[in-house]
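*Asks:* One structure coming up, written as structure tokens, with questions to follow.
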Amino acid sequence: MLNIAVVGLGWWGRIIVDLVGQSDKLRVVRVADVNPQSEAFARERELPYSPRFEDVLADPKVQGVVLCTPHSQHTDQIVAAAQAGKHVFCEKPLSMSRADVLRAVAAVEKAGVALAVGHEKRFEPPVQEIMKLVKSGALGTPLQVEANFSQDKFLALASDNWRLSGKEAPAGPMTATGIHLLDLSVGVFGEADTVHCSVKQLGSPLTNGDTLAALVTFRKGGHALISAILATPFAGRFAVYGSQGWAEVRDKTHPEAPQGWTLTTHLRGGEATAVDIAPAPAVLFNLEAFADAAEGRAPYPVPREQMIANVSALEAIFRSAKSGAIEKVEG
């Protein structure tokens with residue numbers, strides 16, 4: 001059983017606290033948030049509360065931290081946690097630049113602690129099935145990813161919420177949802193080569209942009225076409241097209257409360273087949289994979305080189321959204 005502290009008790013941090021209560025691999029022993037109003041939530045869950053991250057790191061009962069904090073804080077918090085000997089699960093994006101993610105990874109490797117990232121879509125059963133098809137060669141040579149992750153939850157946020165700021169979300173929907181699709185694309189193709197991104201404010205008061213489209217090319221070949229929108233009801237789709245077939249998964253509901261998926265596959269010489277897949281707690285699966293890695297039971301299934309590749313491409317998307325030009329991915 002891994003004793004963890006959840007740092008950041010906004011919408012998602014509170015969901016994680018309650019999810020962990022269902023696990024026999026992790027236990028929340030402390031929470032922290034700079035907003036004193038979060039203390040009431042901690043009292044309801046009978047958890048020690050602190051407004052200071054330093055208190056979490058100083059607590060000998062805490063073996064790992066789950067960071068649900070503003071994006072720009074992630075790298076420094078990962079480094080500090082690693083130096084304190086704490087395992088780290090960090091919500092996405094892991095960092096905001098290639099230089100920062102390299103610094104974060106170097107810190108955890110020096111400390112010998114586990115590092116995990118909140119890309120729960122990797123742990124959804126139908127996505128894992130598609131990745132098996134890709135790795136087995138059943139789809140042939142991967143040619144293109146098409147993916148969309150849209151929602152309208154942010155329309156209810158106050159205009160000064162950090163999730164809507166230019167500092168924390170430089171390309172509008174990218175850090176909210178598009179980053180998940182970029183991560184899956186890296187899982188299919190590896191390191192990105194170039195990106196071309198457009199962000200517009202078309203259907204909401206979200207001044208940082210509510211509609212994103214990105215084209216990503218990869219060093220080993222292939223494209224990813226990524227769409228992310230913050231001004232439309234939920235939609236989620238991930239599809240891989242290969243030289244021998246294609247596979248697509250569609251979400252029925254937002255991952256916050258999954259109700260299952262529809263997986264469609266079509267291999268050359270056969271017919272398209274669609275199956276419904278029952279809901280599964282992918283967020284909890286990810287957290288438990290983190291616990292397994294921290295306690296030495298199994299390696300964390302997302303390689304660190306892919307964590308670095310994802311953030312490297314993300315930084316290029318930030319630049320492209322600002323410049324309007326095709327940007328080279330560093331690394």
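*Asks:* With the checklist (1) under 22 Å from GLN63 (Cβ atoms); (2) surrounded by fewer than 17 Cβ atoms within 10 Å (Cβ to Cβ) in hand, flag the one item MET307 doesn't pass.
*Replies:* With (1) under 22 Å from GLN63 (Cβ atoms); (2) surrounded by fewer than 17 Cβ atoms within 10 Å (Cβ to Cβ) applied to MET307, the lone miss is (2).
Yes/no per residue for (1) out of contact with any Cys (no Cβ under 9 Å at 6 or more places or on another chain); (2) under 23 Å from ALA294 (Cβ atoms):
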| residue | (1), (2) |
| --- | --- |
| PHE41 | yes, no |
| ARG45 | yes, yes |
| PRO48 | yes, yes |
| LEU67 | no, yes |
| SER72 | yes, no |
| ALA82 | yes, yes |
| GLY85 | yes, yes |
| PHE89 | yes, yes |
| ARG98 | yes, no |
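*Asks:* Within region 137-165, count every residue that is in contact with a helix residue (DSSP H, G or I) (Cβ under 7 Å, 6 or more places away or on another chain), assigned to a loop (DSSP other than H, G, I, E, B) and in contact (Cβ under 8 Å) with a residue 60 or more places away in the chain. Give the steps one after another, and end with the answer.
*Replies:* So in region 137-165, the residues in contact with a helix residue (DSSP H, G or I) (Cβ under 7 Å, 6 or more places away or on another chain) come out as 139, 142, 145, 147, 149, 154, 157, 163-164.
After this cut, where a residue has to be assigned to a loop (DSSP other than H, G, I, E, B) as well, the list is 139, 157.
From what is left, the residues that are in contact (Cβ under 8 Å) with a residue 60 or more places away in the chain are 139.
The number of residues fulfilling the criteria is 1.
*Asks:* For the subset of region 166-177 comprising residues that are outside any loop (DSSP other than H, G, I, E, B) and in contact (Cβ under 8 Å) with a residue 60 or more places away in the chain, which member is surrounded by the fewest Cβ atoms within 10 Å (Cβ to Cβ)?
*Replies:* Step one: of region 166-177, the residues outside any loop (DSSP other than H, G, I, E, B) are 172-174.
When the remaining residues are screened for being in contact (Cβ under 8 Å) with a residue 60 or more places away in the chain, the result is 172, 174.
On the way: GLY172: 27, MET174: 25.
Residue satisfying both the conditions and the ranking: MET174.
*Asks:* While we're on this one: Confirm whether LEU206 is at pLDDT below 95, assigned to a helix (DSSP H, G or I), over 22 Å from LYS121 (Cα atoms) and out of contact with any Cys (no Cβ under 6 Å at 6 or more places or on another chain). Before the answer, list the steps.
*Replies:* On the way: at pLDDT below 95: yes; assigned to a helix (DSSP H, G or I): no; over 22 Å from LYS121 (Cα atoms): yes; out of contact with any Cys (no Cβ under 6 Å at 6 or more places or on another chain): yes.
Spelling it out, it is not the case that LEU206 is at pLDDT below 95, assigned to a helix (DSSP H, G or I), over 22 Å from LYS121 (Cα atoms) and out of contact with any Cys (no Cβ under 6 Å at 6 or more places or on another chain).
*Asks:* Just one of SER323, SER312 is among the hydroxyl-bearing types (Ser, Thr, Tyr) and free of Cβ contacts under 8 Å to residues at least 12 places away in the same chain; which is it? Break it down into steps so the answer makes sense when it comes.
*Replies:* On the way: SER312 fails: free of Cβ contacts under 8 Å to residues at least 12 places away in the same chain.
From the options SER323, SER312, the qualifying one is SER323.
*Asks:* Output the residue which, of all residues in region 193-240 that are of a type in the set (A, V, I, L, M) and free of Cβ contacts under 8 Å to residues at least 40 places away in the same chain, is surrounded by the most Cβ atoms within 10 Å (Cβ to Cβ). First the steps, then the outcome.
*Replies:* The first filter runs over region 193-240 and keeps only residues of a type in the set (A, V, I, L, M), leaving 195, 199, 202, 206, 212-216, 224-226, 228-231, 235, 239-240.
Then drop every residue that is not free of Cβ contacts under 8 Å to residues at least 40 places away in the same chain, which leaves 202, 213, 215.
Details: LEU202: 11, ALA213: 17, LEU215: 15.
Restricting to residues being of a type in the set (A, V, I, L, M) and free of Cβ contacts under 8 Å to residues at least 40 places away in the same chain, the top hit is ALA213.
*Asks:* Picking from VAL188, VAL134, which residue would you name as being out of contact with any Leu (no Cβ under 9 Å at 6 or more places or on another chain), part of a helix (DSSP H, G or I), free of Cβ contacts under 8 Å to residues at least 60 places away in the same chain and buried (at least 17 other Cβ atoms within 10 Å of the Cβ)? Explain how you work it out, then say what you get.
*Replies:* On the way: VAL134 fails: free of Cβ contacts under 8 Å to residues at least 60 places away in the same chain.
Only one candidate qualifies: VAL188.
*Asks:* Among residues belonging to region 37-74 that are free of Cβ contacts under 8 Å to residues at least 60 places away in the same chain, farther than 25 Å from ASN161 by Cα and under 24 Å from the mean Cα position of the chain (by Cα), point out the one that is surrounded by the fewest Cβ atoms within 10 Å (Cβ to Cβ).
*Replies:* So the residue we want is LEU57.
*Asks:* Same structure, new question: Do we have PRO258 as without any contact (Cβ under 8 Å) to a residue 12 or more places away in the chain and under 27 Å from TRP246 (Cβ atoms) here?
*Replies:* On the way: without any contact (Cβ under 8 Å) to a residue 12 or more places away in the chain: no; under 27 Å from TRP246 (Cβ atoms): yes.
So PRO258 does not fit the description; no.
*Asks:* Moving on to the next point. Looking only at region 127-164, which residues are among the hydroxyl-bearing types (Ser, Thr, Tyr), at pLDDT 90 or above and more than 16 Å from ILE179 (Cβ to Cβ)? Show your work before the answer.
*Replies:* To start, the set of residues in region 127-164 that are among the hydroxyl-bearing types (Ser, Thr, Tyr) comprises 136, 141, 150, 159.
Imposing the further condition that a residue be at pLDDT 90 or above reduces the set to 136, 141, 150.
Listed by number, the residues that qualify are SER136, THR141.
*Asks:* OK, next. Mind checking whether some residue in region 22-36 is free of Cβ contacts under 8 Å to residues at least 12 places away in the same chain, in the same structural domain as GLN77 (by TED's automatic domain parsing) and among the polar types (S, T, N, Q)? Break it down into steps so the answer makes sense when it comes.
*Replies:* Looking only at region 22-36, we keep the residues that are free of Cβ contacts under 8 Å to residues at least 12 places away in the same chain, and these are none.
No.
Conditions (1) closer than 23 Å to VAL311 by Cα; (2) assigned by TED's automatic domain parsing to the domain that holds PHE238; (3) among the hydroxyl-bearing types (Ser, Thr, Tyr), marked per residue:
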position	(1), (2), (3)
VAL113	yes, no, no
VAL134	yes, yes, no
ALA147	yes, yes, no
ASP160	no, yes, no
GLY166	yes, yes, no
GLY178	yes, yes, no
SER185	yes, yes, yes
VAL195	yes, yes, no
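*Asks:* Ok, one more. Could you list, ordered by first residue, the pairs with Cβ atoms under 9 Å in which the first is in region 267-290 and on the phi < 0 side of the Ramachandran plot and the second is in a loop (DSSP other than H, G, I, E, B) and of a type in the set (Phe, Trp, Tyr), at least 6 apart or interchain?
*Replies:* ALA289/TYR300; PHE290/TYR300
*Asks:* Can you tell me which of (1) part of a helix (DSSP H, G or I); (2) closer than 28 Å to SER165 by Cα is the one PRO126 doesn't meet?
*Replies:* The one condition PRO126 does not meet is (2).
The values are calculated or read from the model by the stated rules, or taken from the named source; none is laboratory data. Fair warning: this is a prediction, and the values are worked out from it, not measured in the lab. Reconstructed Cβ throughout: ideal geometry from the backbone, glycine too, with neighbour counts over all protein chains shown.
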